[in-house]
Amino acid sequence: MSVITHAVWRGHTIASITALTAPGRPWHNGLGASYQRYHHHAHAALTRDFTKAITWLAANLVEDRRAQHKNKNTQGGTTGWQGSEQLRNWLANGCAWADTEFQGQRYRWTVHAVLQTLAVHADRAGQMINGTPVVGVGGRALSLACGLLSADTIWRVLRDLRDRPGSPITQVRSAIGLDADWYALTSQNKIETDPIRLQRARVEDVHPAWGVLGHQHRRVYELIAYHGLTNRADLYAAARISKSTVNATIVELTVAGLIKTTGRGTVATGSTSLNDIATAHHLDDITQTRIAEYRAERTQWRNWLEARDTRIGRSTPSASSIAPCTTATPGSEDPIEQAYLESVLSTGPPADIEHNTSRQHTDAIALIGDMLGGRILNV
């Protein structure tokens, strides 16, 4: 486990570790041999240890050496697509579905951010079950990588999406205790088939600066900064929003310094970056404050669960403490039972349950006459 942790600390991914432990590679006789005892489950064991190492490093290394560490938002480091092809296709299809489902509503940009963050978590810590990505993640964890969207907003979007026909997500398991909800990222409802649009999907964290700028401006900026679209006519076609909305977005991004006008009908990236905006608004501090709040809430929830389990354990009677059944019998000396038996034996059954057959026949004939107009005929 310590070897895996040091490898992750030095920047190795699960893919690079798997490649280095393959037969004939440098780590095969050492780290690779240690996982051979798992036989066919060796890769699953390696993935499990890799996840534990990531969790430990995130929880301890930055906390213990905060003076030497600074949170850096890496979105925008490269251009073009990012992420695995399957998740990119799912994300592009999900965003196209949201464009159709919530056409003309700003809510769709929030949906885009939530879907993108789900894809990120599926890429980092998800599972592949029968060819479908499945990920278990809570609203608080999603909100930290979703452009400063609140956890309440995340939960509201997830509740809305999982109940809609054709939704790209399906809840496969509800949260239990400390375990989060699990979602399957499904693609049975094909909306997007354009290969160019599929290539433009980027599986990465939503930059927190969009919480300040507005998520509705993110698509236009990414088309300019990451995919090289500089002509307004191309932006109109690629953004799938009206010309007036694109023009208004360009104005907002120009004021923020993210883009600039280079000619008649052309634009380019500006001198200001998303990281500059995050620094100017102290978004790192806001994120750290939110992380501390979420940790406190999770600790409180864990303590409540432990207290509940303790109460349940104390209130559950043991087999030795359960007294034998003392139900009264006709020969019992229980005074209440004796009083009941004397009452029944002295009065007999109630009159309303007597089986008077002739009375029932008379009532039935009268009912037929009243309701159906029946008559008795003498034959």
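We did not get these values from a lab; they are worked out from the coordinates using the rules stated. None of these values were measured; they are calculated from a predicted model. Methodologically, a virtual Cβ is constructed for each residue, glycine included, from the backbone with ideal geometry; neighbour enumeration extends over all protein chains shown.
By other beta-carbon atoms within 10 Å, ranking L148, L91 with the fewest at the front produces L148, L91.
When the alpha carbon coordinates of region 138-196 are projected onto the principal axes, the ranges are 39, 26, 16 Å, largest first.
What is the order of W210, W90, W27, fewest Cβ neighbours within 10 Å to most?
Values: W210 23, W90 27, W27 18.
Sorted ascending by nearby Cβ count, the order is W27, W210, W90.
The amide H of V137, built 1.01 Å from its N in the peptide plane, has D181, Y183 as neighbours under 5 Å, considering only residues 5 or more places off or on other chains.
Quick one: putting +1 on the C-beta of Lys and Arg, -1 on the C-beta of Asp and Glu, what dipole do you get for region 149-273 around its Cα centre, in Debye to the nearest 20?
The dipole magnitude comes to about 440 debye.
Note on region 1-60: the C-alpha convex hull projects to 3.7 nm² when averaged across all orientations.
Annotation: region 84-194 has a Kirkwood hydrodynamic radius of 13.9 angstrom, from the mean reciprocal C-alpha pair distance. In this rough spin-label picture, where each label sits 7 Å from Cα along the Cβ direction, the Q103-W304 distance is 4.3 nm.
For region 166-225, the Kirkwood hydrodynamic radius from C-alpha pairs, put into Stokes-Einstein at 10 °C and a viscosity of 1.306 mPa s, yields a diffusion coefficient of 108 µm² per second. Backbone geometry of region 90-101 corresponds, through the Karplus equation with coefficients 6.51, -1.76 and 1.60 at θ = phi - 60°, to 3J(HN,Hα) couplings of 5, 5, 4, 5, x, 5, 5, 4, 5, 4, 7, 5 Hz, x marking Gly and Pro.
Label zone (H281, point 7 Å along Cα-to-C-beta; backbone nitrogen cut-off 16 Å) within region 147-177: 147-151.
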